[in-house]
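The values are calculated or read from the model by the stated rules, or taken from the named source; none is laboratory data. Please read these numbers as outputs of a predicted model, since none were measured by experiment. Glycine gets a Cβ as well: all are built from the backbone with ideal geometry, and neighbour counts include every protein chain shown. Each accessible area value is taken on the protein alone, full model and side chains, heavy atoms only, with ligands, DNA and RNA left out. Shrake-Rupley method; radii C 1.70, N 1.55, O 1.52, S 1.80 Å.
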Amino acid sequence: MTARSDTPVAPPLVELPIETHDRGFYDGFSRAVTIPSKVIVSLLIMWAIFFPVSASETLTAANSNIIASFAGWYVYLVAFLMFTCFMLALVPQSGNLRIGNPGEKPEFGRFSWFAMLFGAGIGIGLLTYSTGEPLAHFTDNPEIIRGSIETRSAEAVRSAYTFTFLHWGFAAWATYALVGLAIGYVAYRRNLPLTVRSALAPLFGLHLSGRWGHLIDIVAVVATILGVAVTMGLGVEQFVAGLSRLGLGDWLLEPDGSSSAMAIIVALVVLIGASTLSALSGVGRGIKWLSNLNMGLSFALLALFAIAGSGFFGLRLLGVGLWDYLRTLVPNSLTLFEPGGAFGAALVQWQLDWTVFYWAWWIAFAPFVGMFIARISRGRTIREYVLGVILVPSLMCFVWMTIVGGTAIDLELSGAAQGRIVDTGISDQLYATLAVLLDPAIAAIVSGLVVVLLMTYLITSTDSAILIVNTINGAGDTEGARRFHILFWGAALAFIVGSMLILGGIDAIRITMIIGALPFSFVVALMGVSILKAVAFDIRRKRHGVPTTADGCADMEVQK
């Protein structure tokens, strides 16, 4: 990371003025960001509600073109993000730099920090995909497509977990970590606004105070809303499936097993309402308390699967899966399947449906999760931050996937499930596993626990996203009167999720998210370059005795 040149460098930029309104409804907000963001999201909602056929056809066509054209971009971008994060952490000069002033202590203890990381970043998806992902790759993955192993056989388990770990491991968390680091580093060392545009200040400086900075923040807000909508959609589907398992009425599900329109509306009213109330209470109270509750309930559910389920089978899968994952991480992260040959088309489609979809999802989720991680990580060194954000949650995901998903696979391999798990919808597979594994009465109790856990994860993710959107719109200000704007974004999320689920199902939300993620993917790429430049120049500044923080620059001015 040390630059070859010994030429002294100037102190860093420590001011990035963003014009905000000083009175009325938009007091404290950047109207140049807030109003266009609201207009774009509102138009998307009205388009989906009033012109559903046109919206569906247009989105599907756009999705096919984007996925096919930008698959390689997503694959290589995420590989670059992983490499950048680990390099910054492992190089001594950069790893010792602090996200904040020298000697500053973290605001949150490690347990609460990890709990908030886990709850905001991946909790909902994990409840859906802890069984769904391994079972899907147990049925179909590149090795099965090539014909080297048989579908749903004992030999298919190992490769199923190689690809499960690929999707839920370092790639996801490195994407979040880099966005959070790029924002938090300049916000807490240089007192720049805690907003997305600040992450690019090392590259573009004061140019970001104007229209280009506004555009970056607008793209981040729209990507955040669409990324969270996918997670909310998955959560609502599983929430309704859980209520149905608890025997709360046939009205919850349609004949084909999907959630009914009334069930979706009721679930969204309850969940978004609770999320909005939690968002009004702020990070230090509602979100922190719910995150700690999430972690406790998650460990209780995991312990049940480890004891009553296939714990030893899962631990064996964890060891083998970790070895296979680390051994194949580089080639799998850089592989881009090409059409042609006997299996080319099928391999390309599998990668588009899984890997490219996930990379787009993580990027769309990154402004929200990245900013939230930055918000709770002040005072940590780059090394502690990167390794904590990437390694610990990844390992937790792997444990969940092997213990919970391994139990489902073991029940199928042993014949106990007889297809009742693998052949059900992805939103119901966790409940189906409990139904096969446990006595009916106990299964109902544990399913109720899952519903509660799912609800707290949904509330945590949604209220965190609402607060982050308001922070971006408020030019990085995390305080102040935000109540009406919190209510707007809560309602917007409810309408997006509800309209898309009712009119087109979860696939409609996924398509919209992938389209919305593309513009922000270019911002993320620039963030990677920007944080490398910021850190490299700070290392040079330290060598020449030039201040690297806003406080240091202020002290230098006083001494003059």
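A few remarks follow.
- Distance cut-off 13 Å, percentage of C-alpha pairs in region 216-268 lying past it: 61 percent
- Here the contact order of region 354-460, divided by its residue count and restricted to Cα pairs under 8 Å and six or more residues apart, works out to 12 percent.
- The residue among Ile363, His167, Leu13 whose Cα reaches farthest toward the positive pole of the charge dipole of the chain, with charges on the beta-carbon of Lys, Arg, Asp and Glu, is Leu13.
- Ellipticity at 222 nm from helices only: DSSP H runs of n ≥ 4 in the chain, each -39500 (n - 2.57), divided by the residue count, give -25000 deg cm²/dmol.
- Per residue accessible area of region 489-560, 1.4 Å probe, in Å²: 38 Å²
- Gyration tensor verdict on region 322-442 (Cα atoms; rounded if a/c is under 1.5, prolate if a/b is larger than b/c, oblate otherwise): oblate
- Residue-normalised convex hull volume from the C-alpha trace of the chain: 150 Å³ per residue.
- Anchor Lys38: aspartates and glutamates whose Cα lies under 13 Å away (excluding residues fewer than 8 positions away in-chain): Asp217
- Using the Cβ-Cβ distance between Arg543 and Glu104 with R0 = 25 Å, the FRET efficiency computed as 1/(1 + (r/R0)^6) comes to roughly 0.70.
- Protein-only accessible surface at a 1.4 angstrom probe places the residues Lys542, Lys38, Lys533 in the order Lys542, Lys533, Lys38, largest first.
- Each residue, Thr139 and Leu487, gets one label point 7 Å from its Cα in the Cβ direction; the gap between the two is 4.4 nm.
- Dipole of region 1-97 [Lys/Arg +1, Asp/Glu -1 at C-beta], most positive-end residue of Ser56, Leu88, Leu44: Ser56
- Against the chain, whose longest principal axis is taken from its Cα atoms, helix 483-544 shows a tilt of about 40°.
- Within region 287-404: Cβ-based charge dipole about Cα centre, in debye rounded to nearest 20 (Lys, Arg +1; Asp, Glu -1): 540 debye
- Potential lengthening of the chain between Phe50 and Leu206 amounts to 52.0 nm, from the contour at 0.36 nm per residue minus the alpha-carbon distance.
- Accessible surface for region 144-248, divided over its residues, is 27 Å² per residue with a 1.4 Å probe.
- Rolling a 1.4 Å probe over the protein heavy atoms of the chain, with every protein chain left in place, gives an accessible area that is 64 percent carbon and sulfur.
- Charged neighbours of Pro106, selected by a Cβ distance under 13 Å, balance to +3 (K, R count +1; D, E count -1).
- Helix axis angle, 550-559 relative to the chain longest principal axis, alpha carbon, degrees: 10 degrees
- Computed extension length for Val91-Leu336: 85.3 nm, one decimal, from 0.36 nm per residue of separation with the Cα-Cα distance subtracted.
- Dipole of the chain computed with +1 at Lys/Arg Cβ and -1 at Asp/Glu Cβ about the Cα centre; of Gly213, Gly249, Thr276, farthest Cα towards the positive end is Gly213.
- Neighbour net charge for Trp354 - beta-carbon separation under 10 angstrom, K R +1, D E -1: -3
- FRET efficiency, 1/(1 + (r/R0)^6) with R0 35 Å, evaluated for Ile40 and Arg327 via beta carbons: 0.20
- Assuming charge only on the beta carbon of Lys and Arg (+1) and of Asp and Glu (-1), the dipole of the chain about its Cα centre is about 1820 debye to the nearest 20.
- Rolling a 1.4 angstrom probe over the protein heavy atoms with all chains in place gives region 305-397 an accessible area of 37 Å² per residue.
- Length added when fully stretched, Ala300-Arg146, from 0.36 nm per residue minus Cα-Cα: 51.5 nm
- Nearest 10 degrees, 0 to 90: helix 123-139 Cα axis against the chain principal axis: 50 degrees
- Accessible surface ranking that places the most exposed of Arg378, Arg327, Arg189, Arg245 first, with a 1.4 angstrom probe: Arg327, Arg245, Arg378, Arg189
- Relative contact order %, the chain, counting alpha carbon pairs below 8 Å whose residues are six or more apart: 35 percent
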